[in-house]
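What follows is calculated from the coordinates using simple rules that are stated; it is not laboratory data. Note that the structure is a prediction, hence the values are computed from the model and not measured. Positions of Cβ are backbone-derived with ideal geometry, glycine not excepted, and every protein chain shown enters the neighbour counts.
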Ligand SMILES: [Zn+2]
């Protein structure tokens, strides 16, 4: 006789459904970090003041998100992908790695000027690695916060190489101010850097391959310059991409519920919902990720209920047939979906 507990699924195939999943954050300390991951997003920081990244949903080698609570507590994301792919991923079942890496970043200093390879370029460096197309949604920024997003029009590989060697690479860069709410889409091959004062949510391919073009002349914690990858960076740069500016959101409407679509790419779709509102997610035979950036709300799915507050990240499995969201006035919620999703 099998025991069935309503609202939970215990192993094996053919169970009922998998509930929304909340993971333990994987915190990364890097010298450009700060403390806002704790003070603004509720992450459990130690006494140090260099918390740079909170990996919220990660399936990258030993960097594994583990389920924080419920029947799957302690389970690494990769086990769920391998064992319960149908329930978790729906139509994407069969892949051996969760396709997206979801983070919050707190930049208190300039990050290195960098570029990520596309899939084909990445696999030349490491056959198990992916390219890295990413997108940022700014949560908090200082008044003078800037980013580098792409190159000035007409800048060529020779310009960049000469400028890096002459110590004046800034002349090649498209530098812009950003403010809370800005979303910047950064496909693989786009030269980029985040500047001081920026706290953001990041959605990217499951990859950790970065080539550093320039490090602003700084020294690493060991007193030596961090290694640069000028040739690899230039080889991976898309010199046709030109300057990149924050996206212009597309207004969407589903049965009277108005929201925005920020990014629709070959790797992910990002939408944004604003409170006060109530709406329902219906399964599109795919997973969805929710990130609460501001304000408060609740997510309810059968017997599961979670509070949405800044820094909350929830993975809704494909097998979760519906979930109800309620957002209070002023709340901002990101919804991340696999590509090729129809409006629902
Ligand atoms: Zn990057």
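What the table below lists for this structure:
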item	result
Gap separating the Cα centres of the stretch 229-291 and the stretch 130-180, nearest whole Å	20
Sites residue 231 and residue 303, calculated FRET efficiency, Cβ-Cβ separation with R0 51 Å, nearest 0.05	0.40
Backbone N under 14 Å from the residue 126 label point (7 Å along Cα→Cβ), restricted to the stretch 48-83	59-64
Potential lengthening between residue 240 and residue 221 on full extension [0.36 nm per residue; Cα-Cα distance subtracted]	3.3 nm
Three-way shape label, the stretch 76-144, alpha-carbon gyration tensor, a/c 1.5	oblate
Using a Förster distance of 41 Å, the FRET efficiency for residue 282-residue 168 (Cβ separation, nearest 0.05)	0.15
Calculated FRET efficiency for the pair residue 159/residue 48, C-beta based, R₀ 41 Å, to 0.05	0.55
Ellipsoid equivalent to the chain - semi-axes via the Cα gyration tensor, in Å	35, 21, 20
Normalised per residue, the volume of the convex hull around the Cα set of the stretch 104-157 (Å³)	139
Estimated [θ] at 222 nm from DSSP helical runs (n ≥ 4, -39500 (n - 2.57)) normalised by residues in the chain, nearest 500	-3000 deg cm²/dmol
The chain, relative contact order [Cα under 8 Å, separation at least 6], %	18
Over the stretch 226-319, equivalent-ellipsoid semi-axes from the Cα gyration tensor in Å	34, 18, 14
Ranked by how many other beta carbons lie within 10 Å on average, peptides 162-169, 104-111, 116-123, 242-249 from highest	104-111, 116-123, 242-249, 162-169
In degrees, nearest ten, helix 157-166 long axis to first principal axis of the chain (Cα)	70
Three-way shape call for the stretch 30-84 based on the alpha-carbon gyration tensor, with the a/c threshold at 1.5	prolate
